[in-house]
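Everything on this sheet refers to the single structure shown next.
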Amino acid sequence: MDNSYFEVRKLTIDDLELAPLCFQNERDGNAVVGKAAQYAQFWAEGIKNPVYYFRNVEPDKQRWAGISEFGEHPLAPQHGLHGEDLAQADAPTIQYHKTGEAPKSFEIESTQPYSLLRFTDDGNGGVKAEFKEGKNGCILDLEVTPFPVAVFSHANPSQPAPYFQVNTMVKGTYMGKPVMGMGGFDRTYIVNRVADNEGEKEKNYAATYRCICALYSGIREDGRKECVYALITDENGKGIGMYYIDGEEPVVTDQVHLSAKFCHLPYVDDDTVVYTNAVWQIGSKTIHFDGKWGTKSFTAYPKVEKHGQSQCFGNWYEGDVPYKHTLEHTFNENSGDAYSDRIREMGFVVED
């Protein structure tokens, strides 16, 4: 993937319009929002493993949501905590819309069960957000602060749907008790030429999501925020990668190499494979990942019907000397068709 398609900069409230200016051009097909994902990882009192929240929406409706406890190890599925008590696809929904200009704000809301995603100008050229689940946020109530940089992927042959992703810090309450953590939100866009063609839209989405990707973020003990975006679509060694740490210019490269051994997911029989430990080479940066916990999608149950896909979480660090983060988030996804033959074709080792 040519990194001229890739942009790293601060997320602004104008980027959260339904048709943001950055994608109103011939290359991006005057794209409009198609799908939006919100997610967060945090530790909760009385729960052994980290808790993960995920809400997926379209501009006019909810798609699905779940809150789960990570599986006991990298090859174990999640334990559901909340599903039916969260707004799902059948929930009456007030579509995504602008609620004000001073400050500019956007939100999407469901009333039964209650869910609110609100995004507001923070007054400093950036964005702040609120995620609430349950009446008055009785299940989850998070204040969300984006990182200083977001990544924007413009339409290209490997990923035809425009896209952005930003890492976040979160704090608030889960079941009335205080929590802190990290996560992110992202949006995938529909290019205008396929807007009225469901088949072509899904084809673009499938091509865009057909990848091995890693989204890491953390706060070092000295307070510096750092994050990683790494993606390989077709061949190991080629993709798009970004590393950022406070006080330095981001590293952006199309030279992305993943050293990892893949193994079969033991609780399905569809040939899905996953890596549980990895070393990413992103230009001059070496990123280490150590898997601790697993999931099968982010619903309140292991989504075994979602073939060729799984996720793994754990700890990470940059460089040769291990260190710990005070807060961190590690999203590793083998998406779309992570089957042994396909992964071997990309240049990876699969253990039988």
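The values are calculated or read from the model by the stated rules, or taken from the named source; none is laboratory data. The model shown is predicted, which means the values in this text are computed figures rather than measured ones. Quick reminder, even Gly has a Cβ in these numbers, built from the backbone with ideal geometry, and neighbours come from all protein chains shown. To get the accessible areas, we keep the full protein, side chains included, count just its heavy atoms, and leave off ligands, DNA and RNA. Shrake-Rupley method; radii C 1.70, N 1.55, O 1.52, S 1.80 Å.
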Worksheet item: Which one is nearest to the chain's Cα centre (by Cα) among residues in region 40-67 that are in a strand (DSSP E or B) and over 15 Å from ALA87 (Cα atoms)?
Response: ALA40
Worksheet item: Which residue out of ASP90, ASP186 is among the charged types (D, E, K, R) and in contact (Cβ under 8 Å) with a residue 60 or more places away in the chain?
Response: ASP186
Discussion item. Any residue at all in region 65-77 that's among the hydroxyl-bearing types (Ser, Thr, Tyr), on the phi < 0 side of the Ramachandran plot and touching a residue at least 60 places away in the same chain (Cβ under 8 Å)?
Written reply: yes
Item to complete: Determine the pairs where a residue that is farther than 30 Å from ARG9 by Cα, located within region 108-135, has a partner that is part of a helix (DSSP H, G or I) with Cβ atoms under 6 Å apart, the partner being 6 or more residues away or on another chain.
Response: TYR114/LYS135
Worksheet item: Is it true that some residue in region 44-53 is in contact (Cβ under 8 Å) with a residue 24 or more places away in the chain and farther than 30 Å from TYR114 by Cβ?
Response: no
Discussion item. Looking for something closer than 19 Å to TYR244 by Cα, in contact with a His (Cβ under 7 Å, 6 or more places away or on another chain) and open to solvent by less than 60 Å² (accessible area, probe 1.4 Å) - is there at least one such residue anywhere in region 311-323?
Written reply: yes
Practice prompt. Report yes if some residue within region 91-104 is of a type in the set (Val, Ile, Thr), part of a strand (DSSP E or B) and in contact with a Leu (Cβ under 9 Å, 6 or more places away or on another chain); otherwise report no.
Written response: no
Worksheet entry | In region 114-141, the residues that are in a loop (DSSP other than H, G, I, E, B), out of contact with any Pro (no Cβ under 7 Å at 6 or more places or on another chain), more than 16 Å from TYR174 (Cα to Cα) and not polar (S, T, N, Q) | ASP122, GLY125
Practice prompt. Would you please name the residue that is farthest from LEU75 (Cα to Cα), looking only at residues in region 285-310 that are open to solvent by less than 50 Å² (accessible area, probe 1.4 Å) and among the β-branched types (Val, Ile, Thr)?
Written response: THR286
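With the structure loaded, tell me whether TYR301 is among the aromatic types (Phe, Trp, Tyr) and out of contact with any Phe, Trp or Tyr (no Cβ under 9 Å at 6 or more places or on another chain) or whether it fails that test.
So TYR301 fits the description; yes.
Tally up the residues in region 62-73 that are crowded, with 17+ Cβ neighbours inside 10 Å and farther than 13 Å from PHE298 by Cβ, please. Even if it seems obvious, please write down each step before you answer.
Within region 62-73, the first condition is being crowded, with 17+ Cβ neighbours inside 10 Å, and the residues that meet it are 62, 64-71.
If we keep only those that are farther than 13 Å from PHE298 by Cβ too, we end up with 62.
Total satisfying the criteria: 1.
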Worksheet item: Residues in region 75-87: is at least one crowded, with 20+ Cβ neighbours inside 10 Å and within 30 Å of ASN197 (Cβ to Cβ)?
Response: yes
Worksheet item: Does ALA91 satisfy being buried (at least 18 other Cβ atoms within 10 Å of the Cβ) and of a type in the set (A, V, I, L, M)?
Response: no
Item to complete: Collect the residues in region 324-344 that are surrounded by fewer than 19 Cβ atoms within 10 Å (Cβ to Cβ), under 20 Å from GLY181 (Cβ atoms) and not β-branched (Val, Ile, Thr), keeping them in residue-number order.
Response: LYS324, LEU327
